[in-house]
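These notes are about the structure you will find just below.
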Amino acid sequence: MPEILQSTFVLAVSDLDSSRKFYIEKLGFTEEFAVDGWSFLCRGACRLRIGDCPGIKPMSEAQDHSWFAYLHVQDAKSLYQEYLSKRVEIWLPLGDKPWGMREFAIVTPDGHRIVFGEEM
């Protein structure tokens, strides 16, 4: 069967410049490419395409349905400390879960929630 080699998340953001700055300066992504209204970002194997959608309803109003990604990481504790030091809004603090994952979650300026997990 053909294998999926990578995934890319496409997100609508209300202010492209502000969101680009958040993902680069706070979450450690780099911008690979930009065109009018779009920024293509990456960190490790994670790829994001953020698109400018002024006036969009914020994901924070979607409550628990505002999750957009569960990212499997190496060294969740160090990544958690990195994001704390950069004052990223933490939604769920770092903790060991009964399903064998060490997880934490953040909130983006647009209200998207990202969960980071490391297999224990």
Between segment 66-120 and segment 1-64, how far is it from one alpha carbon centroid to the other, in angstrom? 17
Computed over the chain: longest principal axis from alpha-carbon atoms vs helix 76-85 long axis, angle to nearest 10 degrees, is 50
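Within 10 Å, count the other beta carbons around each residue, average over each peptide in 89-96, 13-20, and list them highest first.
Working: 89-96: 13.4, 13-20: 17.4.
Ranked by mean Cβ neighbours within 10 Å, highest first: 13-20, 89-96.
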Rounded to the angstrom and largest first, Cα extents along the principal axes for segment 7-55 equal 30, 21, 15
One point scatterer per Cα, no solvent, Debye formula: log10 I(q)/I(0) for the chain at q = 0.10, 0.12 Å⁻¹ comes out as -0.31, -0.45
Starting from the Cα of LYS97, draw a straight line to each of the lysines and keep only those under 30 Å, dropping any in the same chain fewer than 8 residues away. LYS26, LYS77, LYS86
Dipole magnitude of segment 66-120, debye to nearest 20 (Cβ charges: Lys/Arg +1, Asp/Glu -1, about Cα centre): 120
Taking only DSSP H segments of four or more residues, each worth -39500 (n - 2.57), what value at 222 nm results for the chain once the sum is divided by all its residues, to the nearest 500 deg cm²/dmol? -3500 deg cm²/dmol
What residue among LEU41, GLN81, MET1 has its Cα farthest toward the positive end of the dipole of the chain, where the charges are +1 on Lys, Arg and -1 on Asp, Glu, each on the Cβ? GLN81
Cβ-placed point charges (K, R +1; D, E -1), dipole of the chain about Cα centre in debye, nearest 20: 160
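All of the numbers you see were taken from the coordinates with simple rules; none came from a lab. All values derive from a computational prediction rather than experimental measurement. Reconstructed Cβ throughout: ideal geometry from the backbone, glycine too, with neighbour counts over all protein chains shown.
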